[in-house]
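Undergrad: Take this structure first; my questions come after.
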Amino acid sequence: MKIDDALIDKLSELAKLEFVGEERERIKSDLSRMLQFVEKLKEIDTEGVNPLIHLTEEYGSLREDRAENTLSKGDALKNAPSANSDYFKVPKVLKKGE
Amino acid sequence: MREIREALLREDYSLTDLVKHYQSKIAERSHLAAFREVFTDDSLERASEVQSKIKAGTAGKLAGMVLAIKDNICYRDHEVGAASKILEGFISPYHATIVERLLAEDVIIIGRTSCDEFAMGSSNENSAYGPVLNPLDEALVPGGSSGGSAAAVAAGMCLASLGSDTGGSIRQPASFCGLVGLKPTYGRVSRYGLLAYASSMDQIGPFASKSEDAALLLEVMAGKDSKDNTSSNHRVDEYSEEGKARTYELAYYKEIVEHPGLDPQLKADFLAQLEILRSQGHKVEELSFPYLNDLVPTYNVLSNAEASSNLSRYDGIRYGYRSENAGDIDTTYTKSRSEGFGPEVKRRIMLGTFVLSSGYYDAYYSKAQKVRRLIRDATINALSDCDFILSPTTPHSAFKIGDIQDPVQMYLEDIFTVQANLAGVPSVSIPKFKSASGMPIGLQITAGPFEEKKMLQFARSLED
């Protein structure tokens with residue numbers, strides 16, 4: 001599996017990360033090394049094996065659907081990098097003319 | 001713990017004296033960087049509160065326990081940061097369920113300990129705040145990712161501590177620092193309030209000098225929590241009860257003793273330990289485990305996939321670091337994440353994103369989930385024919401800070417520990433072996449699901 005710039009671009013966009021200059025070369029070689037390492041799983045015969053998704057057999061225990069106020073508005077906004085008294089503030093989403 | 005409790009009852013010293021003693025130990029060796037923050041004032045305040053409860057005879061079962069918690073466990077109105085720049089300054093608005101349970105039994109939390117960023121690492125060199133030094137030899141790593149928690153107990157800065165173990169992050173540092181380190185069965189301990197790394201493997205567990213203290217902490221933390229749907233209803237045993245002496249059926253894997261990475265001296269010592277156990281009447285059997293070299297690759301695919309999903313919440317909007325270098329919403333996400341996360345976290349998010357992306361999902365992610373089933377079934381099968389599987393916890397003792405630069409070589413440090421996480425079974429490391437230079441190495445005991453009581457009683461019987 002070759003790690004080229006196009007793949008790095010695609011993954012960076014999906015992961016919302018950017019790699020520039022030296023960092024970009026580094027992630028290319030690291031990813032290719034990491035992939036090569038996990039590549040050996042392909043040799044294992046998993047014909048007819050179901051993926052293991054849930055670790056316990058206890059799923060499906062339901063609880064009552066009751067609304068609970070676990071975090072007040074004030075507490076929820078306390079850690080925000082930018083907020084007013086009611087809302088999180090974010091940079092402009094729509095530009096003029098859009 | 002037992003001695004401390006008796007001394008407090010006899011009034012040999014007060015709980016305040018005890019907390020001050022630990023605080024001075026922390027200050028004396030602050031260059032170890034074991035702690036991210038010491039809760040100096042409020043641990044003293046709690047000490048006097050608990051002291052009066054002891055006097056009144058109303059104290060909980062953990063009165064006298066001074067505990068440090070890993071910097072990824074939420075303690076209300078205290079900072080928590082997973083040793084990452086992206087969470088700098090974040091104050092938890094709520095308690096992790098286990099913190100609530102421990103405080104209800106009068107534990108005193110003395111501070112939060114350093115770790116690898118978001119619990120990703122095996123040496124504690126990935127903390128955004130610099131490496132933690134091994135208190136037994138300061139040129140060496142303490143192990144990771146819960147390296148600060150291990151160093152704190154090993155340096156006598158607290159009686160016990162909590163870590164989290166996703167691929168060995170409690171047992172490996174316990175091995176490197178000469179401590180007991182316990183990873184419970186998946187679902188035994190609530191993960192509510194633990195900053196998530198890989199949710200299908202993460203478990204919180206204790207470090208202590210004695211198995212009895214680790215067992216006592218588990219006893220308080222374990223049990224169903226309505227806030228964590230993966231927590232189990234399975235009965236909580238009295239893990240700290242000392243069992244009657246008995247013999248067990250033990251097994252070890254041929255592939256581990258023959259592993260080329262295993263230190264030859266350690267191999268000899270491990271085999272000699274098996275002989276001792278045989279001579280004490282235990283049955284010891286050699287088993288074959290064909291997946292040894294597939295464990296870490298399987299773990300990498302799955303844990304990185306889960307991490308890429310879990311860490312998507314750090315976007316600079318609702319909490320955490322927001323970059324000043326962004327103009328619009330999209331670059332705010334990208335710049336905040338790129339400036340806030342360290343290199344190892346980014347590597348894992350990228351691999352995780354790759355294995356989950358369309359076109360590669362089946363070949364990597366789904367494939368690894370299938371291999372995980374094979375590994376889990378083989379592990380459970382082996383454990384249904386014996387009581388415990390034994391191995392050295394790590395292939396060697398603690399290595400030098402800076403010695404391992406290649407990420408894949410670092411991942412392989414977990415080769416003996418990840419099996420328990422992939423299979424969801426409990427496992428404990430206890431100090432047993434020594435390297436040529438006198439550094440400790442652990443003996444790992446792995447048991448079937450929810451067999452912590454039996455496992456800890458056996459561990460206790462092997463303590464010197």
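Every read-out reported here was derived from the displayed coordinates using simple, explicitly stated rules and does not represent laboratory data. Values in this document were obtained by computation on a predicted structure and should not be read as measured data. Positions of Cβ are generated from backbone atoms using ideal geometry, with glycine treated the same way; all protein chains shown enter the neighbour counts.
Undergrad: I'd like the antiparallel share, as a percent to the nearest 5, of DSSP beta bridges with both residues in chain B.
TA: Antiparallel: roughly 65 percent of the beta bridges in chain B.
Undergrad: Run the numbers for B:Glu324 and B:Lys25: contour at 0.36 nm per residue of separation, minus the present Cα-Cα distance, in nm.
TA: 103.7 nm
Undergrad: OK, next. Find me the longest stretch of chain B that has none of the exposed GluC sites (Glu not before Pro), where exposed means in a DSSP loop (not H, G, I, E or B) with at most 10 other Cβ atoms within 10 Å.
TA: Longest run free of exposed loop sites: B:12-237.
Undergrad: Give me the dipole magnitude in Debye, nearest 20, for segment A:1-88 about the Cα centre, with unit charges on the beta carbon: positive for Lys and Arg, negative for Asp and Glu.
TA: My answer is approximately 240 debye.
Undergrad: Just the Kirkwood number for segment B:416-464, please: inverse of mean 1/r across all distinct Cα pairs, in Å, one decimal.
TA: 11.7
Undergrad: Right, next: At a Förster distance of 56 Å, what's the computed FRET efficiency of A:Ser82 paired with B:Lys434, Cβ-Cβ distance as r, to 0.05?
TA: 0.55
Undergrad: Between the alpha-carbon centers of segment B:158-180 and segment B:1-26, tell me the distance in whole angstrom.
TA: Comparing the Cα centres of segment B:158-180 and segment B:1-26, I get a distance of 23 Å.
Undergrad: Another question about this same structure. What are the trypsin sites (Lys or Arg not before Pro) within segment A:20-85 that DSSP puts in a loop, where the Cβ has at most 12 other Cβ atoms within 10 Å?
TA: A:Arg63, A:Arg66
Undergrad: Would you tally the net charge around B:His78, using a Cβ to Cβ cut-off of less than 11 Å, leaving B:His78 out, and scoring K and R as +1, D and E as -1?
TA: -2
Undergrad: Could you line up A:Val93, B:Val180, B:Val80, B:Val428 from fewest to most neighbouring Cβ atoms inside 10 Å?
TA: In order of increasing Cβ crowding within 10 Å: A:Val93, B:Val80, B:Val180, B:Val428.
Undergrad: Take A:Ser29 and B:Asp12, extend 7 Å from each Cα along the Cα→Cβ direction, and tell me the distance between the two endpoints in nm.
TA: 5.7
Undergrad: Convex hull over the Cα atoms of chain B, averaged projected area in nm²?
TA: 21.7
Undergrad: Using the 10 angstrom Cβ neighbour count as an exposure proxy, how do A:Asp45, B:Asp42 rank, fewest first?
TA: A:Asp45, B:Asp42
Undergrad: If you don't mind, another one. Taking 2.2 N^0.38 Å as the expected size of a compact globular protein, what ratio does the Cα radius of gyration of segment A:27-98 give against it, to two decimals?
TA: 2.13
Undergrad: Using Stokes-Einstein with the Kirkwood hydrodynamic radius over Cα pairs, what translational diffusion coefficient do you get for segment B:163-309 at 10 °C and a viscosity of 1.306 mPa s, in µm²/s rounded to a whole number?
TA: D, rounded to a whole number, is 90 µm²/s.
Undergrad: For a label point 7 angstrom out from the Cα of B:Ala363 toward its Cβ, which stretches of segment B:272-307 have the backbone nitrogen within less than 16 Å?
TA: Counting backbone N atoms under 16 Å from the label point, the list is B:301.
Undergrad: What does the extension gain come out to for B:Lys61 and B:Asp385, with contour length at 0.36 nm per residue minus their alpha carbon separation?
TA: 113.0 nm
Undergrad: Hey, if you drop one equal point scatterer on each alpha-carbon of the protein assembly as shown and run the Debye formula without solvent, what base-10 log of I(q)/I(0) do you get at q = 0.08, 0.11 Å⁻¹?
TA: Result of the Debye calculation: -0.52, -1.00.
Undergrad: How much of the DSSP bridge set in segment B:168-310 is antiparallel, in percent, rounded to the nearest 5?
TA: 40
Undergrad: When a/c reaches 1.5 or more, the comparison of a/b and b/c decides; with that in mind, is segment B:372-464 rounded, prolate or oblate per its Cα gyration tensor?
TA: Because a/c hits 1.5 or more and a/b fails to exceed b/c, segment B:372-464 counts as oblate.
Undergrad: Loop only by DSSP, 16 or fewer other Cβ within 10 Å of the Cβ. Give me the GluC sites (Glu not before Pro) in segment A:1-95 that pass, ordered by residue number.
TA: Taking segment A:1-95 and a limit of 16 other Cβ atoms within 10 Å, the loop GluC sites (Glu not before Pro) found are A:Glu47, A:Glu57, A:Glu58, A:Glu64, A:Glu68.
Undergrad: Sort B:Asp71, A:Asp30 by Cβ crowding within 10 Å, fewest neighbours at the top.
TA: Fewest-to-most Cβ neighbours within 10 Å comes out as A:Asp30, B:Asp71.
Undergrad: Let me ask something else about it. Calculate how many DSSP beta bridges within segment B:1-154 are antiparallel, expressed in % of all such bridges and rounded to the nearest 5.
TA: Percent antiparallel among DSSP bridges in segment B:1-154 is about 50.
Undergrad: Shifting gears a bit: For A:Leu14 and B:Glu249, FRET efficiency with R0 = 41 Å and r from the beta-carbon atoms, rounded to 0.05?
TA: 0.25
Undergrad: Just how far, in whole angstrom, is segment B:349-368 from segment B:245-261 if you go by their alpha carbon centroids?
TA: 34
Undergrad: Moving to a separate point now. What's the center-to-center distance, using Cα atoms, between segment B:419-464 and segment A:40-98 in Å?
TA: Rounded to whole Å, the Cα centres lie 34 Å apart.
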